[in-house]
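J.: Supplied in structure tokens, the structure appears directly below.
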Amino acid sequence: MLRFVAALLSAVILLAALATGGFAAQFTDVPAGSWYEIPVSWAVAKDVTEGVTATTFCPNQKCTRAEAVTFLWRFDERPHSTRKAGFSDVKADAWYADAVDWSSCRGIVQGMSAKTFAPAGLCTRAQIVTILWRYAGSPTSRAANPFHDIDASDYFCGAVCWAVEKGITRGVSEAAFAPDSACTRAQIVTMLWRLSQILPAKKTVVLDPGHQLHANYEKEPIGPCSTVMKAKTSAGTYGYASKTHEYQLNLTVSLALRAELECRGYRVIMTRTTHDVDLSNIDRAAIGNQANADAVIRIHANGSTNASVSGAETVCITKNNPYCPGTYAKSRALSDAVLTEFCKATGAKKRSVWETDTMTGLNWSTVPVTILEMGYMSNQNEDLTMATASYQKKMVLGTANGIDAYFSS
Ligand SMILES: [Zn+2]
């Protein structure tokens, strides 16, 4: 419902802008009534473009490969990348570096060679259609190829058939596609606008790295209308072997998980990206509720007075939870999927899904939520293992696989 209202609101804003001359009116070179006026207005409203200058969009300017991937990266809401693409002609501080890293890590663009991306090279019609097709998941098209200048053996043949079938682009004539012609900025923005109308909505995942620099021992009710009170945010545990606080490990893993999930096409919202925050468990649940999240993952590590205890577990409300019983089935499925895939990827001992109605952050959630307890920092071996980059990567992949499995079940 919230998402519907938000979509309606942005549609109203866009319509109002168009009625009053539109966002595109800021550009002197985007004439009212031109075929690209609405796409350019949409692109400005969606933060896909700011124009070449404050007053010009340069619609007929040929688009470079750097511009093309940057349009798509912004269209995808500027996702973080899990790794560097490593092209020798893309400097780390280039304005398009994040876009190239992301699109490369997502398998959307390949370089012109193994080592080079050719950012200033013009983006051809074949290239942009292939980029959009891969972004859409490389769907199979049943449409026949009507173009004499495209051969079934061309790498972009399937992409062009899909794009024409979906109305994202058409040939330069009935029988010709002109695959090697450069695209203009207006053409690419128009293709993105059309693509936006056929893609399914992204799933929103909220990641809550547990705890923070300073605990907050003020009390808050453990559920709506409850008289049972608990600390707003407890201190969390500590790994004596790794000399790591739980809040540090939780954030390290969560930031890497954000990049991995964004590369898999999710919209990710973090409850915190720094340690020095003051967020109670109710505050954290409210972030997931306000986002109307499709899933909330609360990232934690465990502690025990028994140093021999180890393994991973997830935490879920019970079937008879008095605060939010309607979310039980989905939260249980999420808890099962994340625990199974986490243990499969890491090799950690699989404990169980712990069902309890004592967790403030679960009781206040109106959306599916699980707590992932990645392992025991009180177990010297597990503590040291969780501190390594290689095991953290496994934890990230396992959790992401669990989220994938939850949504595909
Ligand atoms: Zn914790």
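J.: For segment 153-164, name all the residues that are open to solvent by 60 Å² or more (accessible area, probe 1.4 Å) and either without any contact (Cβ under 8 Å) to a residue 12 or more places away in the chain or out of contact with any helix residue (DSSP H, G or I) (no Cβ under 8 Å at 6 or more places or on another chain) (or both).
T.: S153
J.: Restricting attention to segment 37-89, which residues are assigned to a loop (DSSP other than H, G, I, E, B) and of a type in the set (A, V, I, L, M)?
T.: Passing the criteria: V48, V52, A54, A85.
J.: Of the residues T271, T237, T244, which single one is under 20 Å from V369 (Cβ atoms) and in contact with an Asp or Glu (Cβ under 8 Å, 6 or more places away or on another chain)?
T.: Only one candidate qualifies: T271.
J.: For segment 172-220, give me each residue that is over 32 Å from the mean Cα position of the chain (by Cα), in the same structural domain as E246 (by TED's automatic domain parsing) and more than 16 Å from the ligand (Cβ to nearest atom).
T.: Hits for segment 172-220 are E218, K219.
J.: Further question on the same structure: Residue check, R134 against (1) exposed (fewer than 13 other Cβ atoms within 10 Å of the Cβ); (2) within 27 Å of the chain's Cα centre (by Cα); (3) among the basic types (K, R), all met but one. Which one?
T.: Answer for R134: the failing condition is (1).
J.: What number of residues in segment 296-327 are within 16 Å of the ligand (Cβ to nearest atom) and in a helix (DSSP H, G or I)?
T.: Counting residues in segment 296-327 that are within 16 Å of the ligand (Cβ to nearest atom) and in a helix (DSSP H, G or I) gives 0.
J.: When you look at T70, is it among the β-branched types (V, I, T) and modelled with pLDDT of 95 or more, yes or no?
T.: Yes.
J.: Among the residues of segment 165-183, how many are hydrophobic (A, V, I, L, M, F, W, C) and surrounded by fewer than 18 Cβ atoms within 10 Å (Cβ to Cβ)?
T.: Going through segment 165-183 one residue at a time, the tally reaches 5.
J.: With the structure loaded, tell me whether A400 is in the same structural domain as I297 (by TED's automatic domain parsing) and without any contact (Cβ under 8 Å) to a residue 40 or more places away in the chain or whether it fails that test.
T.: Answer is no for this residue.
J.: Mind listing whichever residues of segment 382-409 are under 30 Å from V367 (Cα atoms) and touching a Ser or Thr at 6+ places or on another chain (Cβ under 7 Å)?
T.: Y391, Q392, K394, M395, G398, G402
J.: With respect to the numbered conditions (1) over 18 Å from T237 (Cα atoms); (2) under 26 Å from the mean Cα position of the chain (by Cα), which one is the sole condition not fulfilled by A301?
T.: (1)
J.: Determine whether R332 is away from the ligand (no atom under 13 Å from the Cβ), open to solvent by 50 Å² or more (accessible area, probe 1.4 Å), at negative phi and touching a Cys at 6+ places or on another chain (Cβ under 7 Å).
T.: Yes: the conditions hold for R332.
J.: Please determine whether any residue of segment 231-240 is among the β-branched types (V, I, T) and either more than 12 Å from the ligand (Cβ to nearest atom) or without any contact (Cβ under 8 Å) to a residue 40 or more places away in the chain (or both).
T.: No, the conditions are met nowhere in segment 231-240.
J.: What number of residues in segment 338-353 are buried (at least 23 other Cβ atoms within 10 Å of the Cβ) and part of a helix (DSSP H, G or I)?
T.: Number satisfying all stated conditions: 4.
J.: Also: Against the condition at pLDDT 95 or above, away from the ligand (no atom under 14 Å from the Cβ) and open to solvent by 10 Å² or more (accessible area, probe 1.4 Å), how does E373 come out, does it pass?
T.: no
J.: Also, quick follow-up: Could you tell me how many of the residues in segment 63-93 are more than 18 Å from the chain's Cα centre (by Cα) and surrounded by 15 or more Cβ atoms within 10 Å (Cβ to Cβ)?
T.: Selection size over segment 63-93: 10.
J.: A312 - would you say it is of a type outside the set (F, W, Y), in the same structural domain as L362 (by TED's automatic domain parsing) and in contact (Cβ under 8 Å) with a residue 12 or more places away in the chain?
T.: Criteria met by A312.
J.: Got a number for residues in segment 358-385 being under 28 Å from the mean Cα position of the chain (by Cα), of a type in the set (S, T, N, Q) and either closer than 14 Å to G303 by Cα or in a helix (DSSP H, G or I) (or both)?
T.: Count: 3.
J.: Please specify each residue of segment 96-124 satisfying the condition of being open to solvent by 70 Å² or more (accessible area, probe 1.4 Å) and of a type in the set (G, A, S).
T.: Passing the criteria: A114, A120.
The values are calculated or read from the model by the stated rules, or taken from the named source; none is laboratory data. These numbers come from a predicted model, not from an experiment. Don't worry about glycine lacking a Cβ; one is built from the backbone with ideal geometry, like all the others, and counts go over all protein chains shown. For the accessible areas, the whole protein counts, side chains as well, though only heavy atoms, and no ligand, DNA or RNA atoms are used. Shrake-Rupley method; radii C 1.70, N 1.55, O 1.52, S 1.80 Å.
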